[in-house]
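Q: Got a structure for you, questions after.
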Amino acid sequence: MARIAIIKPLYRMTLTVAQLCGELVAAGHEPLVVFFKKQQLVPLTEFDPAVYDSGDVPMRGFFIGKNGLTVSDTAAWKRVQKGEMNKLINLLKEFKPDAIGFSSLSNSMTLCADMTAELRKHFNVPFLWGGTGPTLEPDRSMESADLVCVGEGEEVIVEIGDRLDRGESLNGIAGTWSRLPDGSIEKNPKRPVSDLEKIAVPNWDDKHYAFINGPFFFHPFKAGSRLEDTSYQIMTQRGCPFSCSFCVESVYQRDFGKKDSLRRMSPQKAIRELVHARDVLGYTSVTFMDDVFTVNPRWLDEFLPLYKEKVGLPFFCYTYPTTHTPELLRKLKDAGCMAMAMGVQSGSERILHDVYERKTNIARIVKSAQDIVDSGIHATFDMIPMTQFDREEDLQSTFELLLQIPKEMDASFWGEMAYFPNYPIMDKFKDEQLLASSGKLDFSVYEYYFKMFELTRTAMPVEQIKAIAADPRYRADHNLLNEFMRDEFHIVPSYGTLIAEAQAKLS
Ligand code: B12
Ligand code: SF4
C-alpha cells in the first residue's frame, strides 16, 4: 500500500482530486488530499500585492451596482504564511508519504513551484505534478517536479502507487514525463484517454482530506461540494464537440486527438453514483458539470427516465446554443432540470467566429435562449465581453443581442478573457490582420457598455433602454447610468442556490 499525498492549492476543483482519491483507494493505496488555501474574489481597488497573489494568469470579473462598476480578481488568494506551510509540513510528516503530488491549474504554477522547493527541504520523496496547468506546460513543470502527468491521470496515479509499493523506478510510465537518473528528462508516449466506464467513483470520505487556510486547519475535512454548494457535482462526460479557442477542450483535442475525446459513462454507472450521493452522502440536488450536458440525445433518452425514476432530485446542467431543442428541454424539465446555464460569450459574430472559434449565429442564440425560458427552466448565461481584440462595434452587437435575450434569463458571469498558456486563442496574437483591426478600447468605453448590458437585465422596458442608448449624454458620461443599476450583480452563483431559487419560484 503506497501512501500518496496530493496537494491541491486553492480550495475547489474537488472533482479532480476526489477522482484521483477514488482511484488510489480502489487500488488499495492510501491517499491524503490537502486543500491548501482558498481562492477568493478581491476588488482591484482593495488589491494590495503585499497581501494578495493574483497567480500566473489574472482572471477578472465585473460587478455592476448603484455605485458603478467594480472590477474584481476572481481567483486571487492571500499570500502564503509561514504558519500555513508549517501546518502542511507537520501534517505530511505525520502521514509519511511515499510521494507528494500537486494538482494545479495554470494560475497556481508558481505557487506549486515555490511549495515544492520548500517541501523538498523536508521530504526526500518523488514530487509528482498533474492537472490542467502541468498538462499545458510540462517542460516548465519539470523544472520543479520529478514526474509530470500529461493528460488524464486515473491510470497514471495507480501505476505510480503500484510501482512505489514494489520499490520500482517511476521512469517509463506512459502519459508522463520524468527525470532519469542522469538528470535528463524522459518524455514518454501519451496514454489513451480514460474509459469512463472503468474509472473509479470519486471518493469523498472525510478521512482522506485536509484543509489549511490561514488559522484554519481541518483533518478530516468534508471535501464534498456541500461546504460551498448544497448540490452534488458529477461529470458523466468528458470532452466537447466544440473547440472554442479560449477553452482547454480545444487544447485536449489538438494534443490528444479529437476522435475519442468525447466520452460518456453509461447511464447506469452515473445513476449508481447519484443514488449513493443521495442515500449515503445526503445530497438533495445534483449539478451536472459536463461541459455541455445536452449533447447526445440518444444517451439522454436512456438516462433521463432512469434518473427520474431512481434519483429524482432537482438538477442543474450546462447547455450550448445549438444543442437543445424544445423537445429535449421538455424531457429535461420532466426529469427534474430546474436550472441551466448557456454559454453565449459575445453578441458579435466577428468575435465569435474569428476570435472565439464558436461558429454559432446570433439568431440561433436568441431562439435557444427563448426556448429555455419557454420551457420553464430557470436559465442564466455566461459572457466574456472583454478581450484584446474588441472594437466598439463588437460591444454594440453584444448590447443588441442582450436586448433580444429574454429578461427572465440572467447573466451569471461577466468576465474578461483569461489568456491561458498554449490555448489556441494565444495564436490570435500572431494574426497581424486581426490585431490591426482590434480597437484597443479605453476602459471607459467598456464601462459604458457593461452598464448598458446590465440595463438589459433590469425590468426597464426595451424601448426605454433603446432611448437611453440613443441619448448621447449617457455615452459621454456613463456614470449617469448608475441610478438605473441594480444593487448587486450575480457572479458565478452557487448551483445549489440556483436550483433552490428555481424551486421556490415554482412553489
Ligand atoms: C468542473 C470545472 C469547474 C468546477 C469544479 C467543480 C468541482 N467540484 O470540482 C468549478 C465551477 C467549481 C470550477 C472552478 C474553477 N475553474 Co474550472 N473547470 C471545470 C472543468 C469543466 C472540468 C474539471 C474536472 O473536474 N475535470 C474532471 C477531472 C477528474 O479531471 P481533470 O481536472 O482534468 O484532472 C485530470 C488530470 O489533469 C490528472 N490530474 C489532475 N491533477 C493531478 C495530480 C497528479 C499528481 C496526477 C498524477 C494527475 C493529475 O488526472 C485527472 C483525472 O484524469 C474544466 C474544463 C475541463 N473540461 O477540464 C474547467 C477548468 C479546469 N476551470 C478553469 C478555471 C479557470 C476555473 C477557475 C479558476 C475559475 C475562476 N475564475 O474562479 C475556478 C478554480 C477553482 C479553484 N480554486 O480550484 C479552467 C482552468 C484553465 C487553466 N488552464 O488553468 C478550465 C480548464 C476551463 C478552461 N477555461 O479551459 N471549475
Ligand atoms: S462549448 Fe464550452 S466546453 Fe466546449 S469548447 Fe466551447 S467553451 Fe469549451
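Q: May I ask you to verify whether PRO126 is surrounded by 18 or more Cβ atoms within 10 Å (Cβ to Cβ) and over 28 Å from the mean Cα position of the chain (by Cα)?
A: yes
Q: If I go through segment 422-432 residue by residue, how many of them are crowded, with 20+ Cβ neighbours inside 10 Å and either of a type in the set (Lys, Arg) or over 30 Å from ARG140 (Cα atoms) (or both)?
A: Qualifying residue count for the region: 1.
Q: Inside segment 297-322, can you point out the residues that are out of contact with any Pro (no Cβ under 6 Å at 6 or more places or on another chain) and either within 16 Å of ligand 1 (Cβ to nearest atom) or hydrophobic (A, V, I, L, M, F, W, C) (or both)?
A: Selection gives TRP299, LEU300, LEU304, VAL311, LEU313, PHE315, PHE316, CYS317, TYR318, THR319, TYR320.
Q: Can you name the number of the only condition in (1) of a type in the set (Val, Ile, Thr); (2) within 14 Å of ligand 2 (Cβ to nearest atom); (3) farther than 15 Å from HIS324 by Cβ that ILE365 fails?
A: (3)
Q: Further question on the same structure: The conditions are (1) of a type in the set (A, V, I, L, M, F, W, C); (2) over 18 Å from PRO406 (Cα atoms); (3) surrounded by 16 or more Cβ atoms within 10 Å (Cβ to Cβ), and LEU435 fails exactly one of them. Which is it?
A: If we test LEU435 against (1) of a type in the set (A, V, I, L, M, F, W, C); (2) over 18 Å from PRO406 (Cα atoms); (3) surrounded by 16 or more Cβ atoms within 10 Å (Cβ to Cβ), just (3) comes out false.
Q: Then there is this: Between VAL57, VAL17, which is within 25 Å of ASN86 (Cβ to Cβ), touching a Ser or Thr at 6+ places or on another chain (Cβ under 6 Å) and within 11 Å of ligand 1 (Cβ to nearest atom)?
A: Matching residue, one of VAL57, VAL17: VAL17.
Q: Between GLU197, GLU137, GLU154, which is away from ligand 2 (no atom under 16 Å from the Cβ), surrounded by fewer than 20 Cβ atoms within 10 Å (Cβ to Cβ) and within 25 Å of the chain's Cα centre (by Cα)?
A: Every option except GLU197 fails the conditions.
Q: Please go through segment 247-262 and pick out each residue that is near ligand 2 (Cβ under 9 Å from one of its atoms) and in contact with a Pro (Cβ under 8 Å, 6 or more places away or on another chain).
A: The answer is SER250, and nothing else.
Q: From MET460, MET426, grab the single residue that is modelled with pLDDT of 90 or more, under 30 Å from SER104 (Cβ atoms) and not polar (S, T, N, Q).
A: Criteria check complete, one pass: MET426.
Q: Cβ-Cβ below 6 Å, separation at least six or inter-chain, first residue in segment 276-300 and not assigned by TED's automatic domain parsing to the domain that holds THR325, second away from ligand 2 (no atom under 16 Å from the Cβ) and of a type in the set (S, T, N, Q): which pairs?
A: Filtered contacts from segment 276-300: no entries.
Q: Additional query: What about TYR209, is it aromatic (Phe, Trp, Tyr), buried (at least 21 other Cβ atoms within 10 Å of the Cβ) and more than 10 Å from ligand 1 (Cβ to nearest atom)?
A: It is true that TYR209 is aromatic (Phe, Trp, Tyr), buried (at least 21 other Cβ atoms within 10 Å of the Cβ) and more than 10 Å from ligand 1 (Cβ to nearest atom).
Q: A further question on this structure: Of everything in segment 386-420, what is among the polar types (S, T, N, Q), assigned to a loop (DSSP other than H, G, I, E, B) and closer than 14 Å to GLN345 by Cα? Give them in sequence order.
A: Answer for segment 386-420, where residues must be among the polar types (S, T, N, Q), assigned to a loop (DSSP other than H, G, I, E, B) and closer than 14 Å to GLN345 by Cα: just THR387.
Q: Look through segment 235-246, keep the residues that are within 16 Å of PRO267 (Cβ to Cβ) and surrounded by 21 or more Cβ atoms within 10 Å (Cβ to Cβ), and return whichever of them is farthest from ligand 2 (Cβ to nearest atom).
A: The qualifying residue farthest from ligand 2 (Cβ to nearest atom) is THR236.
Q: Tell me, which residue of segment 212-230 that is in a loop (DSSP other than H, G, I, E, B) and among the hydrophobic types (A, V, I, L, M, F, W, C) is surrounded by the most Cβ atoms within 10 Å (Cβ to Cβ)?
A: ALA223
Q: Checking the conditions here, which among VAL33, VAL25 is more than 30 Å from ILE64 (Cα to Cα) and part of a strand (DSSP E or B)?
A: It is VAL33.
Q: Looking at GLU186, GLU168, GLU159, can you tell me which residue is assigned by TED's automatic domain parsing to the domain that holds ASP139 and either within 26 Å of SER266 (Cα to Cα) or among the basic types (Lys, Arg) (or both)?
A: Only one candidate passes the filter, namely GLU159.
Q: Tally the residues that are within 23 Å of LEU262 (Cα to Cα) and within 15 Å of ligand 1 (Cβ to nearest atom), restricting the search to segment 172-193.
A: Residues in segment 172-193 being within 23 Å of LEU262 (Cα to Cα) and within 15 Å of ligand 1 (Cβ to nearest atom): 7 in total.
Q: Modelled with pLDDT under 95, in a loop (DSSP other than H, G, I, E, B) and among the acidic types (Asp, Glu) - does that describe any residue in segment 466-489?
A: Yes, some residue in segment 466-489 is modelled with pLDDT under 95, in a loop (DSSP other than H, G, I, E, B) and among the acidic types (Asp, Glu).
For (1) over 20 Å from ILE212 (Cβ atoms); (2) surrounded by fewer than 20 Cβ atoms within 10 Å (Cβ to Cβ), each residue gets a yes or a no:
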position	(1), (2)
GLU23	yes, no
HIS29	yes, no
VAL33	no, no
GLN40	no, yes
ALA50	yes, yes
PRO58	yes, yes
ILE64	yes, no
LEU69	yes, no
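Q: Just wondering, is there one or more residues in segment 21-28 that are of a type outside the set (Gly, Ala, Ser), under 14 Å from GLY130 (Cβ atoms) and touching a His at 6+ places or on another chain (Cβ under 6 Å)?
A: Yes; the residues of segment 21-28 include at least one that is of a type outside the set (Gly, Ala, Ser), under 14 Å from GLY130 (Cβ atoms) and touching a His at 6+ places or on another chain (Cβ under 6 Å).
Q: Then there's this: Step by step: first the residues of segment 309-320, then only those that are over 18 Å from ALA500 (Cα atoms) and touching a residue at least 24 places away in the same chain (Cβ under 8 Å), then the one that is surrounded by the most Cβ atoms within 10 Å (Cβ to Cβ). Which residue is that?
A: That would be THR319.
Q: Ok, one more. Only residues in segment 447-475 that are free of Cβ contacts under 8 Å to residues at least 12 places away in the same chain and within 15 Å of GLY68 (Cα to Cα) count as the first member; pair them with residues that are polar (S, T, N, Q) and not in a helix (DSSP H, G or I), Cβ under 9 angstrom, at least 6 apart or cross-chain, and list the lot.
A: Qualifying pairs under 9 Å: none.
The values are calculated or read from the model by the stated rules, or taken from the named source; none is laboratory data. This one's a predicted model, so the numbers in the text were calculated from it and none came from an experiment. Quick reminder, even Gly has a Cβ in these numbers, built from the backbone with ideal geometry, and neighbours come from all protein chains shown.
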